[in-house]
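First comes the structure, then the notes that go with it.
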Amino acid sequence: VVFIPVYFGYERIWEGATYIGELSGQPKEKESVGGLLRNLHRLRENFGRVHVNLGEPVFLGQLLERHAPDWRRCTGNSAQRPRWIGPLVDELSRTVMRNINSAASMTPVGLLALLATPRQMALRSELLRQLGTLLAVLRAAPYSERVTLTALEPAAIVDYGLKLQLISVETHRAGEFVRMSAEQAALATYYRNNVLHLVALPSLVACCFIANAELRSIDIQRFARRIYPYIAAELALRWREEEVPGVISTVLAALAHCGLLEAAGPDSWRRPAPSSAAAVELSLLAQATL
């Protein structure tokens with residue numbers, strides 16, 4: 001028996017309005033033939049693409065051998081459940097979730113959702129720069145070899161969001177602004193939650209520099225080691241705790257490569273000047289996990 005974890009990445013979900021209603025406390029709407037007929041006209045709308053990725057298989061036999069080497073002699077007595085069943089199911093479920101996340105797809109919609117701000121508005125030029133930086137970080141510190149990343153460049157990502165009607169463009173005296181409506185911003189939380197784990201550790205490192213202009217690597221590693229178990233449990237992250245120091249070192253090098261951090265010595269790091277665009281982008285990256 002082999003479990004094949006499958007990741008589904010939606011660029012626009014059919015039941016968006018229902019999702020927003022449930023977030024505000026409305027009861028879940030029951031499915032019915034009448035409801036289907038009333039929504040047939042929506043088939044003409046553009047719902048983008050569905051991205052399907054296969055995760056690393058999970059072999060049940062290997063788990064059984066680890067939890068209960070004599071499992072083949074189990075009689076299946078329904079009156080007394082074997083003690084190893086619970087731990088095995090727990091490990092199986094966690095492994096499947098981690099492997100699904102390790103095969104995620106960072107879509108144009110996911111990128112836009114990650115950058116959605118409380119004001120839901122940004123200068124088009126700033127948004128393009130922020131998208132470019134986020135793409136650079138994801139390429140320099142990939143979450144997993146099974147993760148797929150959109151091939152679109154920042155300008156094409158914005159055009160794609162306009163095509164799906166997730167964002168709109170408004171022209172003001174200060175320039176051209178990209179805006180996300182309050183309804184779409186609420187819906188963006190769904191897409192954001194599907195890909196948040198891909199930037200969790202870069203965001204965690206960025207958080208270290210919110211109140212610190214300069215830090216030693218050892219202090220960053222100590223902070224990450226304390227926080228990681230909680231983030232890993234919440235987001236089903238793929239790394240074991242003993243792997244985290246190596247991953248953090250890779251992330252630090254990636255952020256420096258992208259211009260978001262500067263080497264301040266042989267074993268310390270400094271954030272960019274507060275007035276620089278790089279400082280703003282580092283702050284936005286930190287907000288992903290705040």
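Listing for the model above:
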| quantity | calculated |
| --- | --- |
| Built amide H within the under 5 Å cut-off of Arg238, gap 5+ | none |
| Using θ = phi - 60° and Karplus 6.51 cos²θ - 1.76 cosθ + 1.60, couplings along segment 34-48 (whole Hz; Gly, Pro as x) | x, x, 5, 5, 5, 10, 4, 4, 6, 4, 7, 6, 8, 9, x |
| Cα-centre dipole for segment 47-195 with unit charges at Cβ (Lys and Arg positive, Asp and Glu negative), debye to 20 | 260 debye |
| Normalised convex hull volume, segment 118-202, alpha-carbon set, Å³ per residue | 108 Å³ |
| Amide hydrogen neighbours beyond the local backbone of Gly55, cut-off 5 Å, H modeled | Val6, Tyr7 |
| Solvent-accessible area per residue for segment 1-152 (1.4 angstrom probe, square angstrom) | 63 Å² |
| Neighbour cut-off at most 13 other Cβ (10 Å), DSSP loop, GluC sites (Glu not before Pro), segment 145-209 | Glu145 |
| Theoretical FRET efficiency, 1/(1+(r/R0)^6), r = Cβ-Cβ of Thr171 and Ile210, R0 41 Å, to 0.05 | 0.80 |
| Within the chain: Cβ-based charge dipole about Cα centre, in debye rounded to nearest 20 (Lys, Arg +1; Asp, Glu -1) | 400 debye |
| Residues listed by number, segment 143-158, amide nitrogen under 20 Å from Ser181 label point at 7 Å toward C-beta | 158 |
| Listed values [x] 36, 31, 15; [y] 45, 25, 17; [z] 34, 25, 18, entry calculated as semi-axes √(5λ) of the Cα gyration tensor in Å | [x] |
| For Ser268, residues with placed amide H under 5 Å, excluding near neighbours | Ser217 |
| Estimated distance in nm for a label pair at Arg81 and Ile4, the labels positioned 7 Å out from Cα along Cα-to-Cβ | 3.0 nm |
| Positive-end residue of Ser203, Ser125, Met180, charge dipole of segment 114-233 with Cβ unit charges | Ser203 |
| Range of Cα positions in segment 59-191 per principal axis (Å), largest first | 76, 31, 21 |
| Label-point separation, Lys30 to Leu43 (7 Å along Cα→Cβ), nm | 2.5 nm |
| Value of [θ]222 nm, deg cm²/dmol, for the chain, DSSP H segments ≥ 4, -39500 (n - 2.57) each, nearest 500 | -14500 deg cm²/dmol |
| Apportionment of accessible area to carbon and sulfur, segment 1-124, percent (1.4 Å) | 55 percent |
| Trypsin sites (Lys or Arg not before Pro) within segment 238-290: DSSP coil, no more than 14 neighbouring Cβ in 10 Å | Arg240 |
| Radius 11 Å from Cβ of Leu166, net charge of other residues (Lys, Arg +1; Asp, Glu -1) | +1 |
| Label point at Val52 placed 7 Å out along Cα→Cβ; residues across segment 5-24 whose backbone nitrogen lies under 18 Å | 5-14 |
| When segment 1-82 is reduced to its Cα atoms, the Kirkwood hydrodynamic radius in Å | 17.8 Å |
| Sequence of Trp71, Trp239, Trp14 from largest to smallest accessible area, 1.4 Å probe | Trp14, Trp71, Trp239 |
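The values are calculated or read from the model by the stated rules, or taken from the named source; none is laboratory data. In this text the structure is predicted, and so the values were computed from the model without any measurement. In this analysis, Cβ positions are derived from the backbone assuming ideal geometry, glycine residues included, and neighbour counts consider all displayed protein chains. Areas reflect the complete protein model, heavy atoms only, side chains present, ligands, DNA and RNA absent. Shrake-Rupley method; radii C 1.70, N 1.55, O 1.52, S 1.80 Å.
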